[in-house]
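So the structure is just underneath, and the comments pick up after that.
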Amino acid sequence: ENSYVEVKDLRRVFDVSKPWLNRVLEGGEKQYLKAVDGVSFSIAKGETFALVGESGSGKSTVARMVVGLLPPTNGEVVIDGVSMSSRAALAERQRLRRRIQMIFQDPYASLNPRWQVDRIVAEPIRAFRLIEREKEIGERVGELLSLVGLHPADGKKYPHEFSGGQRQRVAIARALASNAEFIVCDEPTSALDVSVQAQILNLMRDLQDQLGLTYLLISHNLAVVRHMASRIGVMYLGRIVEISNGRELFAQPKHPYTRMLLDAVPDVGMTGRQRIPVSGEIPNPISPPSGCTFNPRCPFANERCRAEIPPLLGGVACHAIHEGRLAIDAAA
Ligand code: ATP
Ligand code: MG
């Protein structure tokens, strides 16, 4: 195995009971929400793997478990051969922490507004004691700011003095300050104007080429994912319903949900293929449909789809595909 990140059967259940309501209703039932329900994937070193899906499909919950911000209910994350959940490997895990960083959607909320950018970027260097001498820390910060396309003099500014795109550059510089190798990016450009989005995505790609970074990219935007990722997992209600390499996903989408997503984005292109119009809404995740959770929205659903959860076979979790009822038709 040459995978750098391995995510194995991750699950996360949230208790969403309302205690105050239960007191009123006397013996009200506990309610649980399966935010992530058995997600597995692996990422090779230097690769970008993307998770795409509608709001509430569990993308951020996966991201938080992968970086260790949220303990999984089940499953494990192995990074560079070290299990993030094993007690034995505490020292190794701490060594890994430095190499794993996260970038969030809203750069403003993730940067301390009272700190000058110099101090924000220097913080991981100091926290991990990567450089001791102040003068050298200053040099390194200047280098990092240049690396992300800012001017070293920008270090004297505060976050509010920057545009959204520049703030995301600062967040990237801070992530790189700890010599990160693996960066989990949760909707890194969703809060930015389209033209600025492209600049930040291109910067991320340049940095990946220069530094050999590995990315887990979370996005609901198919165009972003297509531009960035070599492999893609499509999530629906806490599960991966389709996983494949980027080119194949766009040229030959298999799962009806993937086709529906692609259909909704004209410029991503669905020419000459049987169209599956977007219909229905995401069900309540607290009481999801039985069987394939996509079945109420799926034009190909039958009895089996309403009863049995389809396994992820050949990169797709769909009974209609597995049974050959639904063809995998390439673009004409
Ligand atoms: P978005 O595109 O809106 O960011 P997402 O795919 O990132 O969505 P998550 O934020 O992972 O989705 O949420 C998945 C599900 O888990 C949602 O139904 C959400 O309401 C629920 N959820 C997430 N965090 C919690 C929590 N701390 N407590 C209870 N429910 C939660
Ligand atoms: Mg999210």
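The values are calculated or read from the model by the stated rules, or taken from the named source; none is laboratory data. Here the structure is a predicted model, which means the values were calculated and not measured. Cβ coordinates were reconstructed from backbone atoms using ideal geometry, including for glycine residues, and neighbour counts include every protein chain displayed.
Residues of the range 59-73 being within 11 Å of ligand 1 (Cβ to nearest atom) and among the polar types (S, T, N, Q), which ones?
S60, T61, listed by residue number.
Can you name every residue in the range 194-218 that is of a type in the set (S, T, N, Q) and in contact with a strand residue (DSSP E or B) (Cβ under 6 Å, 6 or more places away or on another chain)?
T214
Based on what the data block shows, is R239 of a type in the set (K, R) and within 13 Å of ligand 1 (Cβ to nearest atom)?
Yes: the conditions hold for R239.
Can L96 be described as within 23 Å of L70 (Cβ to Cβ), free of Cβ contacts under 8 Å to residues at least 24 places away in the same chain and assigned by TED's automatic domain parsing to the domain that holds D206?
When the stated conditions are applied, L96 passes them.
For the range 316-332, give me each residue that is buried (at least 19 other Cβ atoms within 10 Å of the Cβ) and either of a type in the set (S, T, N, Q) or at pLDDT 95 or above (or both).
V316, A317, C318, H319, A320, I321
If you take just the strands (runs of 3 or more DSSP E) that sit entirely in the range 163-272, which of them hold at least 2 residues that are within 21 Å of G315 (Cα to Cα)?
Answer list for the range 163-272: 214-219, 231-236, 239-245.
State yes or no: is I172 surrounded by 16 or more Cβ atoms within 10 Å (Cβ to Cβ), at pLDDT 95 or above and within 16 Å of ligand 2 (Cβ to nearest atom)?
It is false that I172 is surrounded by 16 or more Cβ atoms within 10 Å (Cβ to Cβ), at pLDDT 95 or above and within 16 Å of ligand 2 (Cβ to nearest atom).
Among the residues of the range 45-58, how many are over 17 Å from D9 (Cβ atoms) and more than 8 Å from ligand 1 (Cβ to nearest atom)?
So the count comes out to 6.
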